[in-house]
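Step one of this worksheet: look at the structure below.
The values are calculated or read from the model by the stated rules, or taken from the named source; none is laboratory data. As the structure is a computational prediction, the values presented were derived from the model and not from experiment. Please note that ligands, DNA and RNA were not included when accessible areas were found on the heavy atoms of the full protein model with its side chains. Shrake-Rupley method; radii C 1.70, N 1.55, O 1.52, S 1.80 Å.
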Amino acid sequence: MGNKENEKVEEEVQEKKDEKIKATGQLTLDKNKNNYRIHLLSIIGEVEGHECLPPNTKTTKYEHVLPTMASIEDSDEVDGVLIIINTVGGDVESGLAIAEMISSLSKPTVSLVLGGSHSIGVPLAVATDYSFIVPTGTMIIHPVRVNGLVIGVPQTFDYFKIIQDRILNFIVNHCKTSEKRLEKLMMETGILTKDVGTILVGKEAVYEGLIDEVGGIKDALKKLYEMIDSYKIQNK
């Protein structure tokens, strides 16, 4: 194959990668010195639920993410997963479904919180084997909210409590924070002016036990390479 043909093939491969990034925010990183294939998943904007959000809203669609996670688990070609998070939160059921899928992967996983990981973004950040947050990254913890008509009966509030307990239990089971402390952060009234909850910035999220370490992309990749090394040794 000549140089021009090689260039054409490379251009076609790059075009496909660009299309994949644009459509799903996902990419395979395979140019590292270890020759590891890292699947990069970005969780951005709002986590979309069963109804489509307006076209001018940036979203993460669970119908894209769930099949991808299943494909990663089934593939011998993917060595690890890096999840980059900058989300305002979104649909609880969809967010928890993605978090559960991430946490059940056998491949090494690392998350990196950038701008923010708010609301249902908290379970997504802690779902990986190891987590990072940049110094200016934020995490907002607050009670469950709903939009639209709510029937003001005891059964409704019992249902909200069940949803909130599911989120609390998932977070507690995947980080170093105690349930009691998490509930206190969730019900704090003196931090958010017009809301209930707590905002944690960078090292505060580490101090509270939600995130493992403050760091950026180089730290996240370095940790993931180390975890893949250990994984391969253990599974020889």
Pull out a ≥ b ≥ c, the square roots of the eigenvalues of the alpha-carbon gyration tensor of region 25-235, then state rounded if a/c is under 1.5, prolate if not and a/b is larger than b/c, and oblate in the remaining case. prolate
Thr136: accessible area at probe 1.4 Å, nearest 10 Å²? 110
Note, region 175-180: 3J(HN,Hα) by Karplus (6.51, -1.76, 1.60, θ = phi - 60°), whole Hz, Gly/Pro = x, goes 8, 9, 7, 7, 4, 4
Check which residues have an amide H placed less than 5 Å from Gly89's amide H, if you skip close sequence neighbours. Val47, His118, Gly121
Amide H contacts under 5 Å for Gly215, placed H, 5+ residues apart: Ile133, Val134
By accessible area with a 1.4 Å probe, ligands and nucleic acids excluded, highest first: order of Ser103, Ser71: Ser71, Ser103
Given H placed 1.01 Å from N in the peptide plane, which residues other than close sequence neighbours of Thr59 have an amide H under 5 Å from its amide H? Glu46
Above-threshold pairs, the threshold being 18 Å between Cα atoms, out of Lys61/Lys218; Lys61/Lys161; Lys107/Lys232; Lys31/Lys236; Lys61/Lys107; Lys61/Lys223: Lys61/Lys218; Lys61/Lys161; Lys31/Lys236; Lys61/Lys107; Lys61/Lys223
